[in-house]
Amino acid sequence: MLAIDHVGKTYANGVNALERFTLDVTPGEIVAVVGGSGCGKSTLLRLISGLDTPTHGNVALDNTRISSPHEKIGIIFQEPRLLPWLTVADNVGFGLAHLPKRERDQRVTQALARVGLSDKAKVWPRELSGGQAQRVAIARALVPRPEVLLLDEPFSALDAFTRADLQDHLLGLWAELKPTLVIVTHDVEEAVVLADRIIVMRPHPGRFFEEIQTADLPR
Ligand code: ADP
Ligand code: ADP
């Protein structure tokens, strides 16, 4: 269980990016967080990921407080952020250095097959299209088998066809490993397609959050 308990963030410049944000996400659940620019979505993901610490409140995964980046929590950004000096396969295997080579190779091969990029293993990131590169980023985030995967506007840089294709890939991968997904997006349609539950964040002071259950909507 991912428990976000009355979390707030005030930046050094005095900006109150998030106030008393509370949310429990059950294992395997897909939650989308939607809202306009500047309402604190990226801040929320950085706090859950441990890349940043809250000013008040607490983020916990299975009752363990998250205060720094954690192997059980993966994150995918809008841009793939691949390492240009490593091949696609080495990018995917980058976080698996602690595993024996055989297991590492096996997981990388499987992950690339799942995102339909088996033929790109030996290729350099610069030779990939935007959509292919983001599929590599998804594979890289999932090979450590995180309990929670955070996605910050993961498909918003892509055209509509590629976006739909990647949404399919993501749901396919999710169905095998069933990680908890928290997806930040300003694309309400994407939220409806992907999520079990949608959290709407409001930018005004004394901000409040609304929840929409999508269980009755077709995926
Ligand atoms: P969103 O992802 O919804 O666009 P952000 O979480 O990026 O919102 O930003 C929320 C607010 O916090 C904005 O007013 C933004 O300018 C501010 N902010 C974000 N990051 C920082 C930072 N590192 N330092 C200061 N202010 C920040
Ligand atoms: P993204 O949503 O692409 O991850 P960021 O979260 O880094 O972008 O930034 C979102 C907003 O926060 C932007 O408006 C940016 O100008 C502002 N911001 C980011 N870092 C800082 C900072 N150190 N000081 C002030 N504002 C910041």
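Can you name the residue in region 1-15 that is touching a residue at least 40 places away in the same chain (Cβ under 8 Å) and open to solvent by 50 Å² or more (accessible area, probe 1.4 Å) and is also farthest from the chain's Cα centre (by Cα) among such residues? Selected residue: Thr10. Considering the conditions (1) β-branched (Val, Ile, Thr); (2) out of contact with any Lys or Arg (no Cβ under 6 Å at 6 or more places or on another chain); (3) closer than 22 Å to Tyr11 by Cβ, Thr43 is excluded by exactly one of them, (2). For region 96-106, the condition of being touching a Ser or Thr at 6+ places or on another chain (Cβ under 8 Å) and either open to solvent by 70 Å² or more (accessible area, probe 1.4 Å) or in contact (Cβ under 8 Å) with a residue 60 or more places away in the chain (or both) holds for none of the residues.
Residues that are open to solvent by 40 Å² or more (accessible area, probe 1.4 Å) and either within 19 Å of Asp24 (Cα to Cα) or assigned to a helix (DSSP H, G or I) (or both) within region 175-200 comprise Ala175, Glu176, Leu177, Lys178, Val188, Glu189, Val192, Val193, Asp196, listed in sequence order. A single member of Ile76, Ile66 is buried (at least 22 other Cβ atoms within 10 Å of the Cβ) and within 15 Å of Thr180 (Cα to Cα), and it is Ile76. Could you go through region 36-44 and let me know if any residue there is within 16 Å of ligand 2 (Cβ to nearest atom) and in contact with a Ser or Thr (Cβ under 6 Å, 6 or more places away or on another chain). No.
Scanning region 17-44 for residues that are within 8 Å of ligand 1 (Cβ to nearest atom) and either in contact with a helix residue (DSSP H, G or I) (Cβ under 9 Å, 6 or more places away or on another chain) or not charged (D, E, K, R) (or both) gives Ala17, Leu18, Gly35, Gly36, Ser37, Gly38, Cys39, Gly40, Ser42, Thr43, Leu44. Name the single residue, out of those in region 37-61 being small (Gly, Ala, Ser) and over 18 Å from Ile76 (Cβ atoms), that is surrounded by the most Cβ atoms within 10 Å (Cβ to Cβ). Checked region 37-61; the qualifying residue surrounded by the most Cβ atoms within 10 Å (Cβ to Cβ) is Gly40. Residues of region 114-152 that are part of a helix (DSSP H, G or I), touching a strand residue (DSSP E or B) at 6+ places or on another chain (Cβ under 9 Å) and aliphatic (A, V, I, L, M): Ala137, Ile138, Ala141, Leu142.
The values are calculated or read from the model by the stated rules, or taken from the named source; none is laboratory data. All of these numbers come straight from a predicted model, not from anything done at the bench. In this analysis, Cβ positions are derived from the backbone assuming ideal geometry, glycine residues included, and neighbour counts consider all displayed protein chains. Each accessible area value is taken on the protein alone, full model and side chains, heavy atoms only, with ligands, DNA and RNA left out. Shrake-Rupley method; radii C 1.70, N 1.55, O 1.52, S 1.80 Å.
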